[in-house]
Amino acid sequence: MDGFTIWLTGPSGSGKTTLARALKEKLKNKGYKVEILDGDEIRNTLYPNLGFSKEAREMHNRIVIHLAKLLSRNGIIAIVSLISPYKSIREFARKEINNFMEVYVYAPLDVRIKRDPKGLYAKALKGEISGLTGYDGVYEEPDNADVIIDTSKMSIDEEVELIIKKAEELGYLG
Ligand code: PPS
Ligand code: MG
């Protein structure tokens, strides 16, 4: 089987990492080889001091695109959970990666503020940090996502099913 990439984009706290883990579990149980490329994890492992300037995000996102491309072309399903705030970079990902689907992982601001697993929104609200994606940092919403998911409205199981159904429609899963 050819691999493919499920690209989960969305602001901080929208539910990308949680959804990536649930998708991985489901696809592994179906017998597929799966890897998660999580932006936050890759940053912490490889370059914890990179920062969040436009240049830094673009460089980091390009590295993730390259990794996803290598995995995808070797029969592995790459699940990317990466804010990837810039449309141009996501378009580049679509061009570079053979079998690609873009999933917009959305949740309204009030829900993201309530979840706030890392306390980042609390800090942003107090003015202690700036440029938080989804608060005062740029996030260019997708306008041609293959799937749009509102994680405040759906259950994780429903989200996983919707993405798998779309992957089947696109011919990536048998
Ligand atoms: S990006 O924009 O694609 O480079 O982002 P990514 O690599 O996915 O990393 C996002 C995680 O970094 C933490 N963090 C921030 N995110 C956005 N903006 C600012 N200013 C920021 N500062 C720290 C945060 O934990 C993000 O993880 P998620 O899981 O998306 O919340
Ligand atoms: Mg995350």
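The values are calculated or read from the model by the stated rules, or taken from the named source; none is laboratory data. All of these numbers come straight from a predicted model, not from anything done at the bench. Ideal geometry is used to build each Cβ from the backbone, glycine not excepted, and the neighbour counts take in all protein chains shown.
Some observations on this one:
- Condition check for Gly51: surrounded by 17 or more Cβ atoms within 10 Å (Cβ to Cβ), within 13 Å of ligand 1 (Cβ to nearest atom) and more than 16 Å from Pro142 (Cβ to Cβ): no
- Lys24 meets all of the listed conditions (1) in contact with a helix residue (DSSP H, G or I) (Cβ under 8 Å, 6 or more places away or on another chain); (2) among the basic types (Lys, Arg); (3) surrounded by 18 or more Cβ atoms within 10 Å (Cβ to Cβ) but one, namely (1).
- Inside the range 129-161, residues that are without any contact (Cβ under 8 Å) to a residue 60 or more places away in the chain, in contact with a strand residue (DSSP E or B) (Cβ under 6 Å, 6 or more places away or on another chain) and surrounded by fewer than 17 Cβ atoms within 10 Å (Cβ to Cβ) make up a count of 2.
- Scope the range 61-98; condition at pLDDT 95 or above and over 19 Å from Ala20 (Cα atoms); matching residues: Arg62, Arg73, Asn74, Tyr86, Lys87, Ser88, Ile89, Glu91, Phe92, Lys95, Glu96
- Condition met for Ala107 (more than 9 Å from ligand 1 (Cβ to nearest atom) and buried (at least 23 other Cβ atoms within 10 Å of the Cβ)): no
- Only listed residue being more than 13 Å from the chain's Cα centre (by Cα) and β-branched (Val, Ile, Thr), chosen from Thr45, Thr18: Thr45
- Glu102 being away from ligand 2 (no atom under 16 Å from the Cβ) and surrounded by fewer than 17 Cβ atoms within 10 Å (Cβ to Cβ): no
- Those residues of the range 1-57 which are more than 14 Å from Val105 (Cα to Cα) and small (Gly, Ala, Ser), in sequence order: Gly3, Gly31, Gly39, Gly51, Ser53, Ala56
- Residues (within 12 Å of ligand 1 (Cβ to nearest atom) and not small (Gly, Ala, Ser)) located in the range 54-81: Lys54, Glu55, Arg57, Glu58, Met59, His60, Asn61, Arg62, Ile63, Val64, Ile65, Val80
- Scan the range 137-174 for residues that are of a type in the set (Gly, Ala, Ser), within 14 Å of Leu8 (Cα to Cα) and part of a loop (DSSP other than H, G, I, E, B) and the total you get is 1.
- Scan the range 1-21 for residues that are away from ligand 2 (no atom under 16 Å from the Cβ), buried (at least 22 other Cβ atoms within 10 Å of the Cβ) and not polar (S, T, N, Q) and the total you get is 2.
- Test: Arg57 is in contact with a Gly (Cβ under 7 Å, 6 or more places away or on another chain), basic (Lys, Arg) and either within 16 Å of ligand 2 (Cβ to nearest atom) or in contact (Cβ under 8 Å) with a residue 60 or more places away in the chain (or both): no
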